[in-house]
Amino acid sequence: MPNILELKNISYSYHNLHGETQALRNISFGVGEGEFVAIVGPSGCGKTTLLSIIAGLLAPEQGTILVNNPDGSLRYPKIGYMLQRDHLFEWRTVYRNVTLGLEIHRQLTPDRLQKVDRLLEEYGLDKFRDKRPSELSGGMKQRAALIRTLALEPQLLLLDEPFSALDYQTRLMVSADICHLIREAGKTMIIITHDLAEAISLADRIIVLSGRPATVRTEMPVRLTLKDDSPLAARNAPEFQDYFTRLWEDLTHED
Ligand code: ADP
Ligand code: MG
């Protein structure tokens, strides 16, 4: 699998009146096309900063991101960003929420709107298009947020702890559901999570970051015998506990 993105020695510091906070140091890793990469690391270590750099919202202080598209072009992949909360607006209907990204980017074209209609139908939200977000379940809200993101046809999805506002049971179902839909859509995904079990059950590879400034501590490819089943079943794979223990050790050991 060729890497579509290659991060090379990325470093980043925040500067303000009180001085400097180094958030990232010498981060290097690749992301393959269609791959699901999970990033775990202690709270405050620099995960969101790293995602912002990949999204192009922050420029790295040092280092580069190389692009390597399958078609040989050097165009940076189109990014879709999903955040902690679903950020649906209560004063808009579900339909006007899922088309918001298109509206902002002035892409309310018949093609794109047709795609939205198709996704609403596929994701079981068609009957809710004229409802308000508060009338949806947690899972449906996340699906709506996903439609809004996919409507812009991103190649690379960046998810920053997208399920952390959900209660545990809902989270199990919704994370499995959303990741299944993203796989079906054939997208590449980088997901930040503090939930090790979630990382193991969803990702093809897990990148463990150290405490701030974040450095790459380990890269752990995940191969589960039940992988092709559901992420919920994956938690019962015989290797699951091994991965969990290794991740835990990598996360908690002192440098
Ligand atoms: P994480 O997502 O892993 O919790 P962040 O990337 O949000 O961590 O933050 C990493 C470090 O950078 C933290 O110490 C945080 O306080 C600091 N930081 C984040 N954003 C800013 C900012 N805009 N200005 C100054 N410091 C910041
Ligand atoms: Mg964060």
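The values are calculated or read from the model by the stated rules, or taken from the named source; none is laboratory data. Here the structure is a predicted model, which means the values were calculated and not measured. All Cβ positions, even for glycine, are placed from backbone atoms using ideal geometry, and neighbour counts span all protein chains on display. The protein model used for the area step is the full one, side chains on, heavy atoms only, and it has no ligands, DNA or RNA in it. Shrake-Rupley method; radii C 1.70, N 1.55, O 1.52, S 1.80 Å.
Share of carbon and sulfur in the accessible area of the chain stands at 50%, probe radius 1.4 Å.
The share of alpha-carbon pairs in segment 72-146 lying farther apart than 21 Å comes to 27%.
Cross-link partners of residue 115 among aspartates and glutamates, defined as those whose alpha carbon lies under 13 angstrom from its own and excluding same-chain residues fewer than eight positions apart: 126, 153.
Scan segment 1-90 for GluC sites (Glu not before Pro) in coil per DSSP, keeping those whose Cβ has at most 16 other Cβ atoms within 10 Å, and list them by number. Taking segment 1-90 and a limit of 16 other Cβ atoms within 10 Å, the loop GluC sites (Glu not before Pro) found are 61, 90.
Kirkwood analysis of the chain, using all unique Cα-Cα pairs, places the hydrodynamic radius at 19.1 Å. Over segment 21-129, what portion of Cα pair distances is larger than 17 Å, expressed as a whole percent? Cα-Cα pairs in segment 21-129 separated by more than 17 Å: 69 percent.
Relative to the longest principal axis of the Cα atoms of the chain, helix 138-150 runs at roughly 90 degrees. Per residue, the accessible area of the chain comes to 50 Å², computed with a 1.4 Å probe over protein heavy atoms only. Rounded to the nearest 5, what % of the DSSP beta bridges within the chain are antiparallel ones? Within the chain, antiparallel bridges account for around 55 percent of the total. Adding -39500 (n - 2.57) for every DSSP H run of four residues or longer, then dividing by how many residues the chain holds, sets the calculated 222 nm ellipticity at -9500 deg cm²/dmol.
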